[in-house]
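Everything on this sheet refers to the single structure shown next.
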Amino acid sequence: MKALQFERTGSLDALHLAEVDRPRLQPGEVLVRVEAATINPSDTKNVLGRMHRTTLPRIPGRDFAGVVVEGPGELIGREVFGSGGDLGFGRDGTHAEFVAIPAAVLVDKPKSLSFAQAAALGVAHLTAWAGLVNAANLQPGESVLVTGVTGAVGGAVAHLAKWLKAGQVFGVVRRATGPTESSAVDVYVNLEAGDLAEAVMAATGNRGVNVVFDAVGGPLFQPCLRCLAHGGRQVAITSTGDGEVSFNLRDFYHREARLFGADSLALSLEESADILRALLPGFESGCFPPPEVELCTLEEASQAYRRVEEGKAVRRIAIVP
């Protein structure tokens with residue numbers, strides 16, 4: 001079968017199209033014909049050597065949607081999607097024509113979505129759930145501030161918050177919003193217009209928000225902490241530069257604030273499947289809008305990896321083998 005593969009890390013030049021054997025199924029596994037598999041920023045970081053759990057040689061790729069073609073008879077022809085666990089890191093991933101998946105973690109593809117749209121759901125929504133539900137334990141009626149709200153993860157967080165019956169959802173943007181406005185965001189906070197914390201405090205009657213989901217990190221880390229209400233929780237999923245941040249510890253403990261880290265890589269395939277099953281009603285009902293997806297072939301995928309790494313991909317990019 002055709003697959004993307006890398007035998008070394010450190011440069012995207014290491015990624016190449018290869019002809020490899022189909023996966024040999026282990027007990028309890030099925031073979032899925034990949035109909036679409038998206039490229040995530042973590043996939044490019046994987047090839048660049050920033051994912052230390054990866055073993056080589058490796059086929060990358062975390063998200064997928066496809067059809068079961070080998071396994072128990074009752075599963076053949078089943079349309080599925082998924083993500084998570086060690087896909088693309090400790091076991092061969094989804095940027096190939098076929099992938100081996102444990103049958104127990106199969107999740108039915110939302111009928112209302114195409115394969116490419118379903119393949120673009122995984123990492124973003126798993127990260128949103130890991131931060132908003134598992135870490136912050138968001139409760140109905142609580143307010144949420146989301147940085148990077150126009151991105152895949154930030155957008156998923158905003159819609160998840162609304163689906164979970166949050167109170168006001170604030171979305172942080174770098175400049176005034178246009179046609180990309182989301183129905184899940186009640187109030188946009190434009191960083192060009194002034195200080196983030198001052199704007200949030202003014203909009204909340206000086207109370208602050210119950211939860212901050214920081215999908216940007218770096219220079220927004222401390223301003224986000226200043227947006228928290230007393231007893232508020234902040235979730236960090238990424239950072240910039242050397243990863244170092246600073247904040248006012250006295251202000252932090254007087255607020256009785258809580259700081260959580262959330263990493264979708266820590267979710268097993270089983271945990272990821274449980275989350276995606278829990279989200280299925282939201283995907284089917286349209287509470288989570290279908291992602292905008294651009295298609296490419298395996299032959300074009302190396303260049304698509306570069307666009308993702310350079311931040312030049314406007315839409316999610318799905319490989320269609």
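The values are calculated or read from the model by the stated rules, or taken from the named source; none is laboratory data. No experiment lies behind these values; they were computed from the predicted model shown. When we count neighbours, we look across all protein chains shown, and the Cβ atoms used for this are built from the backbone with ideal geometry, even at glycine. For accessibility, only protein heavy atoms count, side chains too; no ligands or nucleic acids. Shrake-Rupley method; radii C 1.70, N 1.55, O 1.52, S 1.80 Å.
Scanning segment 284-296 for residues that are free of Cβ contacts under 8 Å to residues at least 60 places away in the same chain, open to solvent by 50 Å² or more (accessible area, probe 1.4 Å) and not acidic (Asp, Glu) turns up just one, 285.
Among all positions in segment 45-58, there is at least one residue which is in a strand (DSSP E or B) and open to solvent by less than 50 Å² (accessible area, probe 1.4 Å).
Of all the residues in segment 21-75, those that are free of Cβ contacts under 8 Å to residues at least 40 places away in the same chain and in contact with a helix residue (DSSP H, G or I) (Cβ under 7 Å, 6 or more places away or on another chain) number 1. Being among the hydrophobic types (A, V, I, L, M, F, W, C) and under 20 Å from residue 153 (Cα atoms) is the filter; apply it to segment 228-255 and report the residue that is nearest to the chain's Cα centre (by Cα). That would be 237.
Yes/no matrix, rows are residues, columns are (1) hydrophobic (A, V, I, L, M, F, W, C); (2) part of a loop (DSSP other than H, G, I, E, B); (3) closer than 26 Å to residue 316 by Cα; (4) open to solvent by less than 10 Å² (accessible area, probe 1.4 Å):
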{"position": "201", "(1), (2), (3), (4)": "yes, no, no, no"}
{"position": "205", "(1), (2), (3), (4)": "no, yes, no, no"}
{"position": "222", "(1), (2), (3), (4)": "no, no, no, no"}
{"position": "253", "(1), (2), (3), (4)": "no, no, no, no"}
{"position": "278", "(1), (2), (3), (4)": "yes, no, yes, no"}
{"position": "282", "(1), (2), (3), (4)": "no, no, yes, yes"}
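If I filter segment 65-79 for residues that are open to solvent by 10 Å² or more (accessible area, probe 1.4 Å), modelled with pLDDT under 95, farther than 22 Å from residue 117 by Cα and over 15 Å from the mean Cα position of the chain (by Cα), do I get at least one hit?
No, that holds for no residue.
No other residue among 35, 29 is surrounded by 14 or more Cβ atoms within 10 Å (Cβ to Cβ), of a type outside the set (Phe, Trp, Tyr) and touching a Phe, Trp or Tyr at 6+ places or on another chain (Cβ under 6 Å) apart from 35. Within segment 259-266, one or more residues are closer than 23 Å to residue 207 by Cα and open to solvent by 50 Å² or more (accessible area, probe 1.4 Å). Of the residues in segment 104-121, at least one is touching a Phe, Trp or Tyr at 6+ places or on another chain (Cβ under 7 Å), at pLDDT 95 or above and of a type in the set (D, E, K, R).
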